[in-house]
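Engineer: Below is one structure. I have some questions about it.
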Amino acid sequence: MNEPLPEVLKFCAWYLALGADEVVICFDNPDDPAIDILSDHPRLRCISCTPAFWQSLGLTADDAFVTRQNAALTWIYQKYPDGWLLNVDADEFLFFEGRSVANVLASVPIDKKSLRVKTAERIMALDEAVLTHFRLPMERAVRHAVYGEDAQLFGPRRQGLVGHAHGKSIVRCGIEGLVLRQHWPRYLRSDGADEMVLHNEDGAYLLHMIGESYEIWRHKLAWRSHARGFTDGLTDRVKLAQRSSDPEEALRDLHQRLHHATPERLAALNAQGVLLTLSMDIDALVREYFWVSASDLDATGKGQET
């Protein structure tokens, strides 16, 4: 994790509220100010990714991000002899309709090594102070019906989403030799026999908050473009915006097209059956667990001037 403190607190509060026995965070910046703030919490475990930490995994801080991420995930996984481990990024929030995580996991057949939950992707709208909207994966015809000429921004291999449609996996611990990757363990049987997948129609969602903040989106733009975080078509569109006469205005317009929705577009998503609308107040969870509002903090954890 390498996020502003308010985003770290939202992440922690969400998973504490879901009932996680422990939330383990590897901080890519070993001097992240969140570490001192969170370290005393009994259910939070903060790991500083110092050069010595990476050396202990046979890596350096200059190695590719995904390589380091997968190595850290596997190292954490190997510390737990039983239970389940959910691997998620800072902007990914697990959600089950009407069921607890524990109840869902209790229903997973014993022969399954992992449970994967598919993605729903955050979109901003005028009523976001009250409701929170997400678009669901879309087939090509639905994508064109909803987004028209902008449909090309939503790659075909991502099922109409900007980010990934794969979702993330909750992995059964204690399996010797298991190696983790971002979305699922390695070496699962190709016929799907090792994995159980819950789709959105099962009332299971990985709520991906990608693009929720323009500032964070803009800060990560170069990295996502370089690391294939976008489709080729979207990467080309980003490059085109950056070469325009007013790059910042062009990028803001692109962000708006990708991550915002007018009432008419919400209605189109809803008519196609690919809209999820929730009433969720993550800031209230932050106040419950950390006695502060995330919106009142700057990145260092200090109160913002009003």
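Engineer: Can you find, among A52, P6, A141, the residue farthest towards the positive end of the dipole of region 1-144? Put +1 on the C-beta of Lys and Arg, -1 on that of Asp and Glu.
Structural biologist: About the Cα centre, the residue reaching furthest to the positive side is A141.
Engineer: May I ask you to give the percent of accessible area on region 90-193 that is carbon plus sulfur, with a probe radius of 1.4 Å?
Structural biologist: Of all accessible area on region 90-193, carbon and sulfur atoms account for 51 percent.
Engineer: Please compute, for the alpha-carbon atoms of the chain, the extent along each of the three principal axes and give them in descending order in Å.
Structural biologist: Taking max minus min along each principal axis of the Cα atoms, the chain gives 50, 50, 38 Å.
Engineer: On to the next question. Between A52 and M280, with labels modelled 7 Å along Cα→Cβ, what's the label distance in nm to one decimal, could you check?
Structural biologist: Placing both labels 7 Å beyond Cα along the Cβ direction yields 3.8 nm.
Engineer: Same structure, new question: Would you work out the charge dipole size for the chain about its Cα centre, treating the Cβ of every Lys and Arg as +1 and the Cβ of every Asp and Glu as -1, and quote it to the nearest 20 debye? Could you put the intermediate results ahead of the total?
Structural biologist: Details: 33 positive and 44 negative charges, 219 e Å.
Roughly 1060 debye for the chain.
Engineer: Further, regarding this structure: From the phi of every residue in region 280-297, what ³J(HN,Hα) in whole Hz does the Karplus formula 6.51 cos²θ - 1.76 cosθ + 1.60 yield, where θ is phi - 60° and glycine or proline is x?
Structural biologist: 3J(HN,Hα) across region 280-297, in whole Hz: 9, 10, 5, 4, 5, 5, 4, 5, 5, 9, 10, 6, 8, 8, 4, 6, 8, 10.
Engineer: Here is a follow-up. Given region 54-134, report the % of alpha carbon pairs whose separation exceeds 17 Å.
Structural biologist: 66 percent
Engineer: So what's Rg/Rh here for region 182-306, counting alpha carbon atoms and using the Kirkwood radius for Rh? Walk me through the numbers before you get to the answer.
Structural biologist: Details: Rg = 19.1 Å, Rh = 18.6 Å.
For region 182-306, the value is 1.03.
Engineer: Describe numerically, in nm with one decimal, the distance between label points set 7 Å from Cα along Cα→Cβ at S107 and at A222.
Structural biologist: Label at S107, label at A222, 4.7 nm between them.
Engineer: Let me ask another. Are there GluC sites (Glu not before Pro) in region 69-152 that DSSP marks as loop and that have at most 12 other Cβ atoms within 10 Å, and which are they? Before the final figure, lay out the partial values.
Structural biologist: Working: sites: E92, E97, E121, E128, E139, E149; in loops: E97, E128, E139.
Counting only loop positions with at most 12 other Cβ atoms within 10 Å, the GluC sites (Glu not before Pro) in region 69-152 are E97.
Engineer: At 0.36 nm per residue, and after removing the present C-alpha to C-alpha distance, how many nm does the segment from L240 to N270 gain when stretched out fully?
Structural biologist: Taking L240 through N270 to full extension adds about 7.7 nm, to one decimal.
Engineer: Put +1 on the Cβ of each Lys and Arg and -1 on the Cβ of each Asp and Glu in region 85-127; which of V117, V104, L86 then has its Cα farthest toward the positive end of the dipole?
Structural biologist: V104
Engineer: If you find the alpha carbon centre of region 195-236 and of region 84-101, how far apart are they in angstrom?
Structural biologist: 16 Å
Engineer: Sticking with this structure for a sec: Be a star and scan region 192-232 for residues whose amide nitrogen sits under 16 Å from the point 7 Å along the Cα-to-Cβ vector of R157.
Structural biologist: Of the residues in region 192-232, 225-232 have backbone N under 16 Å from the label point off R157.
Engineer: Efficiency by 1/(1 + (r/R0)^6): what FRET value for S190 and T67, r their Cβ-Cβ distance, R0 = 25 Å, to the nearest 0.05? Walk me through the intermediate numbers first.
Structural biologist: Details: r = 24 Å, r/R0 = 0.95.
With R0 = 25 Å, the Cβ-Cβ based efficiency is 0.60.
Engineer: Given +1 on the Cβ of Lys and Arg, -1 on the Cβ of Asp and Glu, and no further charges, what dipole in debye does region 28-152 carry about its Cα centre, rounded to the nearest 20?
Structural biologist: Around 700 debye, computed over region 28-152.
Engineer: Still on this structure, please answer the following. Please list, in order along region 18-31, the HN-Hα scalar couplings obtained from phi with the Karplus expression 6.51 cos²θ - 1.76 cosθ + 1.60 (θ = phi - 60°), rounded to whole Hz, x for Gly and Pro.
Structural biologist: Coupling constants for region 18-31: 6, x, 4, 5, 8, 10, 10, 10, 8, 8, 5, 8, x, 10 Hz.
Engineer: What is the Cα convex hull volume of region 119-266 when expressed per residue in Å³?
Structural biologist: Hull volume normalised by residue count: 152 Å³.
Engineer: Something else: Nearest 5 is fine: what % of DSSP beta bridges in the chain come out antiparallel, could you say?
Structural biologist: On the way: 21 of 34 bridges.
The antiparallel proportion sits near 60 percent.
Engineer: Excluding ligands, DNA and RNA, what is the solvent-accessible area per residue of the chain at a probe of 1.4 Å, expressed in Å²? Provide the component values of the computation, followed by the final result.
Structural biologist: On the way: 15640 Å² over 306 residues.
Accessible surface, normalised per residue, equals 51 Å².
Engineer: Now, a different point. Calculate the spin-label point distance for N2 paired with E249, positioning each point 7 Å from the Cα along the beta-carbon direction, and give it in nanometres.
Structural biologist: Roughly 3.2 nm, to one decimal.
Engineer: Tell me, what % of the accessible area of region 1-46 is carbon and sulfur with a 1.4 angstrom probe?
Structural biologist: Accessible surface attributable to carbon and sulfur in region 1-46 totals 43 percent.
Engineer: Express in nm, to one decimal, how much length is gained between R257 and S295 on full extension, taking 0.36 nm for each residue of separation and deducting their alpha carbon distance. The partial results should precede the final answer.
Structural biologist: On the way: separation 38, 0.36 × 38 = 13.68 nm, distance 2.49 nm.
This chain segment gains 11.2 nm when fully extended.
Engineer: Now for a separate question. Report the one residue of L207, V286, C173 whose Cα lies farthest in the direction of the positive end of the charge dipole of region 167-306 (charges on C-beta: Lys and Arg +1, Asp and Glu -1; origin at the Cα centre).
Structural biologist: C173
Engineer: Using the crude model of +1 on Lys and Arg Cβ and -1 on Asp and Glu Cβ, and no other charge, please compute the dipole size for region 188-228 relative to its Cα centre, in debye to 20.
Structural biologist: 440 debye
Engineer: If amide hydrogens are placed 1.01 Å from N in the peptide plane, which non-local residues have theirs closer than 5 Å to the one on L94?
Structural biologist: L207
Engineer: Non-local amide H neighbours of W84 (under 5 Å, H modeled in plane, Pro and chain starts lacking H): which ones?
Structural biologist: Amide H neighbours of W84: C173.
Engineer: Scan region 170-223 for trypsin sites (Lys or Arg not before Pro) in coil per DSSP, keeping those whose Cβ has at most 11 other Cβ atoms within 10 Å, and list them by number.
Structural biologist: Those satisfying the criteria are R186, R189.
Engineer: Here is a follow-up. Which whole number in µm²/s is D for region 1-135 by Stokes-Einstein, with the Kirkwood Rh taken over Cα pairs at 37 °C and 0.692 mPa s? Write down the numbers at each step before the final one.
Structural biologist: Values: Rh = 16.9 Å.
This corresponds to a translational diffusion coefficient of 194 µm²/s.
Engineer: Check which residues have an amide H placed less than 5 Å from H260's amide H, if you skip close sequence neighbours.
Structural biologist: Distant-sequence amide H within range of H260: M124.
Engineer: Over region 1-50, what is the mean sequence separation of C-alpha contacts under 8 Å (at least six apart), divided by residue count, expressed as relative contact order in percent?
Structural biologist: After rounding, I find 39 percent.
Engineer: Another question about this same structure. Okay, helix-only estimate at 222 nm for the chain: each DSSP H run of n ≥ 4 adds -39500 (n - 2.57), divide by all residues, round to 500 deg cm²/dmol; what do you get?
Structural biologist: -9500 deg cm²/dmol
The values are calculated or read from the model by the stated rules, or taken from the named source; none is laboratory data. Small disclaimer: the values here were computed from a predicted structure and weren't measured. For neighbour counting, all protein chains shown are included, and Cβ atoms are generated from backbone atoms with ideal geometry for every residue, glycine included. Heavy atoms of the whole protein, side chains included, go into the accessibility calculation; ligands, DNA and RNA do not. Shrake-Rupley method; radii C 1.70, N 1.55, O 1.52, S 1.80 Å.
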